[in-house]
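The values are calculated or read from the model by the stated rules, or taken from the named source; none is laboratory data. Since the model is a prediction, treat every value here as computed from it, not as a measurement. In this analysis, Cβ positions are derived from the backbone assuming ideal geometry, glycine residues included, and neighbour counts consider all displayed protein chains. Protein only, heavy atoms only, side chains kept; ligands, DNA and RNA dropped before computing areas. Shrake-Rupley method; radii C 1.70, N 1.55, O 1.52, S 1.80 Å.
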Amino acid sequence: MNTETQMNTYKQQVEQALEALPMAGAPDALKDAMRYSLLSGGKRLRGILTLAACEMAGGNAQDALPFAAAVEMIHAYSLIHDDLPAMDNDTLRRGKPTNHVVYGEALAILAGDALLTHAFEVMAQSRHPRALEALGEMARAAGVSGMLAGQTLDVTMQGTEPNMDLVRDIHQGKTAALLTAPVVAGLMLGGASATQIEAGRRFGYHLGMAFQIVDDLLDIEGDPDKLGKSTGKDEEEGKLTWPACVGMDWARQDAADHIRHAKAALAVFGEKAAFLTALADATLEREN
Ligand code: GRG
């Protein structure tokens, strides 16, 4: 199977798992707001990474599906909350009005909370023998030393002088953590060794850093129609970005270096790394 076909197969598996999620007992208003953001498109990169990592370790992608769905729920929660007036105050996401624009702030907050909580319910119910380890990885990535740390620095340090150490911490927390966790969790579920898991962690870190640097660049030079959101906000709001630290040319170079390191980390998987290697390369070329 070529990379594109494989990517589409994984993506379809993630979409179907999300579509089929049980939300038993949820009031219709909450379910509607949750599903609005969860099923609104998106690249499904985090879900795809979960399935691909599981298979790379020799496991069956079906076993990792609850975790692929869970990480997409955690991601959707973070986007809903990030778009709120109290945070980035965005009105467009994935080419559609943001959750609070459609459902109001109260329901948007609740839908985000519900997606985060439901993610952990779904992972806990998976009954996979390594579920607890994989769930712990997701919790750490979403939690106080991961995504929430990155977002806190992003919000509180806005408008300060760009500083590479600080931006590295922001990017690692805000973005790389939630791209590393699905790789590591997928590997755990696929039965990877400790050495392989550490290699996956390095891969996820470098992929995540490159992904966010490219995101910073797209905010400057990307096409809002392709991105499905407005551009130019980072500079307007004094956000701490990698191009603000080193300029656009060096930022491009640094993203490419991270991808080089990401691919090198996969050496331990031999030929089984072909798909994630191609995915890493595609990160540098992405337009959305
Ligand atoms: C905990 C409130 C809260 C926020 C966490 C994730 C986040 C921080 C903020 C969202 C905005 C942002 C720029 C995050 C960085 C990660 C990122 C590039 C998100 C977009 O991910 P894609 O491109 O989105 O994978 P799709 O739509 O394809 O799923």
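Numbers below:
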| quantity | calculated |
| --- | --- |
| Kirkwood-based Rg to Rh ratio, segment 89-246, C-alpha trace | 1.00 |
| Rounded Å value of the spacing that divides the Cα centres of segment 22-49 and segment 175-191 | 20 |
| Sequence-distant residues sharing a close amide H with LEU92 (under 5 Å, placed H) | THR98, SER230 |
| Table column - 3J(HN,Hα) (Hz), segment 152-168, Karplus curve with 6.51, -1.76, 1.60, x for Gly and Pro | 5, 5, 4, 6, 7, 9, 3, x, 8, 4, x, 8, 4, 5, 5, 5, 4 |
| Lysines with Cα under 30 Å of LYS96, excluding same-chain neighbours fewer than 8 positions away | LYS11, LYS31, LYS43, LYS174, LYS226, LYS229, LYS233, LYS239 |
| Highest-MSF residue in the chain out of ALA106, ALA192, ALA251 [GNM, Cα springs under 10 Å] | ALA106 |
| GNM flexibility winner over the chain from GLY95, GLY112, GLY25 (Cα, springs under 10 Å) | GLY25 |
| Derived scalar couplings ³J(HN,Hα) [segment 119-129; Karplus, 6.51 cos²θ - 1.76 cosθ + 1.60; whole Hz; x for Gly, Pro] | 4, 6, 4, 5, 5, 5, 7, 5, 6, 5, x |
| In Hz, Karplus ³J(HN,Hα) per residue of segment 252-268 (6.51, -1.76, 1.60; θ = phi - 60°; x = Gly, Pro) | 4, 4, 5, 4, 5, 5, 4, 5, 4, 5, 4, 5, 4, 5, 7, 3, 4 |
| Most fluctuating residue given options GLN125, GLN13, GLN151, as computed from a GNM of the chain linking Cα atoms under 10 Å | GLN125 |
| Net length gained if the chain between LYS96 and SER193 were fully extended (0.36 nm per residue, minus Cα distance) | 30.7 nm |
| Å² of accessible area per residue within the chain, as computed with a 1.4 Å probe and no ligands counted | 44 |
| Dipole of the chain, positive direction: furthest Cα of ALA244, GLY173, LEU189, with charges on the beta-carbon | LEU189 |
| Two-site FRET efficiency, GLU4 against ARG260, from Cβ-Cβ distance with R₀ of 22 Å, rounded to 0.05 | 0.45 |
| Length gained when the stretch GLU133-VAL155 is fully extended (0.36 nm per residue, less Cα-Cα span) | 4.9 nm |
| Kirkwood hydrodynamic radius of the chain, from inverse mean 1/r over distinct Cα pairs, in Å | 19.0 |
